[in-house]
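Here you go, one structure.
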Amino acid sequence: MATKNYLDAWYKKEDYWAIIIAVGLILTGTIAFLGGSAKWLAAMAINIPGWAGDFGKIAEYLSKNATGVAILFSFFAVVFTAAGRVLGYKTGNYLTSFSALFLLSIFVTILGSNKFLKEWQLETPLLALLTGLIISNTIKLPQWFQAGLRTEFYVKTGIVLMGATLPFTVIMQAGPLAMLQATIVAVVTFATIYYAATRLFGLDRRFGATLAAGGSICGVSASIAIGGACRAEKEHVSVSISMVIIWAVAMIFLLPTLAKSLGLAAGPAGAWIGTSEFADAAGFAAAEAMGDERAVKTFTLMKVVGRDMFVGIWALLAAFLSVTRWENKTAAEASQVSIKEIWVRFPKFIIGFLAASVFTTLVLTYLDPKLGANFTKEVIGPIKSLRGWTFTWTFLCIGLTTRLKDLTSFGWKPLAAFAIGVIINVPLGYVLSNVLFVDYWLGVK
C-alpha cells in the first residue's frame, strides 16, 4: 500500500465517519434529553417484541410504530448516504441498496424475535448471517446491491455506539488485564501461524506475517494493515482475508455452542469469544448468541479494548522487519520506518468508542441519580437498540458478501497454517478466560 494513501484527507476514511455519525447521535440525543425533547430518539429505537404463532402481534406493533420505523430508516439512510458520497460510493446505488438491506433487516429481526427460534438459539445475529449466506450462495446479486454492503462501516459505527453503553470505569478496570491477555494471545497465535506458514509450508515470510496478523490481532483490518506495512502481494492479503472470514464464520457457531455445552458463565464466555474470534463483526454475533449482555461487554473489552489496539504496533513491527530482513533493504531505508506508522495503522474508530464511553460516564456522574436513571432509559437504552440494528446490517453484509465456493480456491497451505493457529488459539483463550483470569471476567456486570 503506497505511502501516499496514508496521507489522504481524514474525511475519506470510514473510521472518522463512523465516529462522526455515532458520536453525533449520542451528543444530539443528550442535548435533546437535557432540553426535554428526546422522544424522537426513543421512537426510532425499534424493538420487535417476542411472538409465537400469532403474527398479528408483530403487525400491530409495526402499525403502532410505523413513524419510528420511518425515522430509523430515514436517519441512517441520510447519514450513511451523505458519508458515502464523500467516501466515493455511488449515491443512487448506495441508497437503493441500503433500502433493500433495511427491509431485509426488518424481516430477519422479526424472525429472530420468534420464541420457537430463540429456543433453538437462532437469535437475530445468526439468522442475519444465515440469511445472507443463503441469498449470496443461491442467487446472483445485482451489481447495484453491492454498493450498500459496507460491513466494516456498519460494525465500526456500532462499536462507537457500544462505547456509550459501556461505562469508562469498567474499561479502565479491564484495560490492564485485557491488554495482558491480548498480548499473550497475539504473540502466541502470531508466532504459531507465522512459523507454520513459513517453516512448515514454505510460504513467503510476508505472506506468513499477513496470515498471522489476521489470526492474532483484529482479522480483516489487521490483514490489510500488516499486509500493506510489509509490502505483501495483493493476493496474499486477499487469501488472508478469506482465511479470517472462513474461521470467523465457523467460530460464530462453534464458540457459543461450546460455551453453552460447558456451562460457562456469560462473562468468561464473552472474554473467550473475544480472545478466539477473528473479526469484530463475527465476534459480536457470537457474543450476542450467548443471550446475555455481559457476554457482549466482556467480548468488547477483550477484542476491542485488548486485541484491536495492537494493530498499529504490529504494523510498525512488520514494516520494520520487512525493510530490514525480508526485502534486503539498506540501513538508510530501514531507518525510514517511523513511529508514525502506529498512528497511521491504528484503528481510529476505537478512539470514538472510548470517547463515547467517557462522555456518557461523565454525564451520568454529573446528573443526580433520578435524572441519571432517566438518561439511561431515554438515551442509553435507545442507543443500545440502535447499536443492535447496525450489527444486524453488519451480519447480513457478512453473509451477502461471502461466496463459499470462492473460499476454496486458494490451496491448502494457507488454510493449514491458519488452522494450526486456531488449534492453539482456542484452547489458550479458554484457559486464559475461564481459568487464569476467570474471577475478573465473572465480576463484569
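Of all residues being of a type in the set (A, V, I, L, M), at pLDDT below 80 and assigned to a helix (DSSP H, G or I) in segment 159-176, which is surrounded by the most Cβ atoms within 10 Å (Cβ to Cβ)? Just the residue, please.
Of everything passing the filter in segment 159-176, 174 is surrounded by the most Cβ atoms within 10 Å (Cβ to Cβ).
Can you name every residue in segment 66-82 that is aromatic (Phe, Trp, Tyr) and either outside any helix (DSSP H, G or I) or more than 13 Å from residue 382 (Cβ to Cβ) (or both)?
The answer is 73, 76, 80.
Also: From the list 432, 400, which one is buried (at least 21 other Cβ atoms within 10 Å of the Cβ) and closer than 27 Å to residue 133 by Cβ?
Among 432, 400, only 400 is buried (at least 21 other Cβ atoms within 10 Å of the Cβ) and closer than 27 Å to residue 133 by Cβ.
Moving on. So residue 244 ticks every box in (1) surrounded by fewer than 23 Cβ atoms within 10 Å (Cβ to Cβ); (2) of a type outside the set (Gly, Ala, Ser); (3) not in a loop (DSSP other than H, G, I, E, B) but one. Which box is left unticked?
(1)
Checking the structure you have, find out if any residue of segment 93-110 is over 20 Å from the mean Cα position of the chain (by Cα), under 18 Å from residue 50 (Cα atoms) and surrounded by fewer than 16 Cβ atoms within 10 Å (Cβ to Cβ).
yes
Moving on. If we scan segment 206-216, do we find a residue that is of a type in the set (A, V, I, L, M, F, W, C) and not in a helix (DSSP H, G or I)?
no
Here is a further query. Failed condition for residue 81, given (1) hydroxyl-bearing (Ser, Thr, Tyr); (2) in contact with a Phe, Trp or Tyr (Cβ under 8 Å, 6 or more places away or on another chain); (3) free of Cβ contacts under 8 Å to residues at least 12 places away in the same chain, with all others met?
(3)
Among the listed residues 361, 408, which satisfies the condition of being modelled with pLDDT under 90 and of a type in the set (Val, Ile, Thr)?
408
Take residue 253 and tell me if it is of a type in the set (Phe, Trp, Tyr), under 29 Å from residue 130 (Cα atoms) and part of a helix (DSSP H, G or I).
So residue 253 passes the test.
So, residue 191, is that one assigned to a helix (DSSP H, G or I), farther than 30 Å from residue 357 by Cα and in contact (Cβ under 8 Å) with a residue 12 or more places away in the chain or not?
Judged against the criteria, residue 191 is a match.
When the residues of segment 116-130 are filtered to those that are out of contact with any strand residue (DSSP E or B) (no Cβ under 9 Å at 6 or more places or on another chain) and surrounded by fewer than 20 Cβ atoms within 10 Å (Cβ to Cβ), which remaining residue is nearest to residue 52 (Cα to Cα)?
Among residues in segment 116-130 that are out of contact with any strand residue (DSSP E or B) (no Cβ under 9 Å at 6 or more places or on another chain) and surrounded by fewer than 20 Cβ atoms within 10 Å (Cβ to Cβ), the one nearest to residue 52 (Cα to Cα) is 116.
Which residues, counting only those in segment 1-17, are modelled with pLDDT under 95 and surrounded by 11 or more Cβ atoms within 10 Å (Cβ to Cβ)?
1, 6, 11, 12, 13, 14, 15, 16
If residue 370 satisfies all but one of (1) basic (Lys, Arg); (2) in a helix (DSSP H, G or I); (3) touching a residue at least 12 places away in the same chain (Cβ under 8 Å), what's the number of the condition it fails?
Tallying (1) basic (Lys, Arg); (2) in a helix (DSSP H, G or I); (3) touching a residue at least 12 places away in the same chain (Cβ under 8 Å), residue 370 fails exactly one: (3).
Which is within 21 Å of residue 244 (Cβ to Cβ), over 23 Å from the mean Cα position of the chain (by Cα), at pLDDT below 75 and part of a helix (DSSP H, G or I), of 332, 315, 281, 319?
319
The values are calculated or read from the model by the stated rules, or taken from the named source; none is laboratory data. All values reported here derive from a predicted model rather than from experimental measurement. Methodologically, a virtual Cβ is constructed for each residue, glycine included, from the backbone with ideal geometry; neighbour enumeration extends over all protein chains shown.
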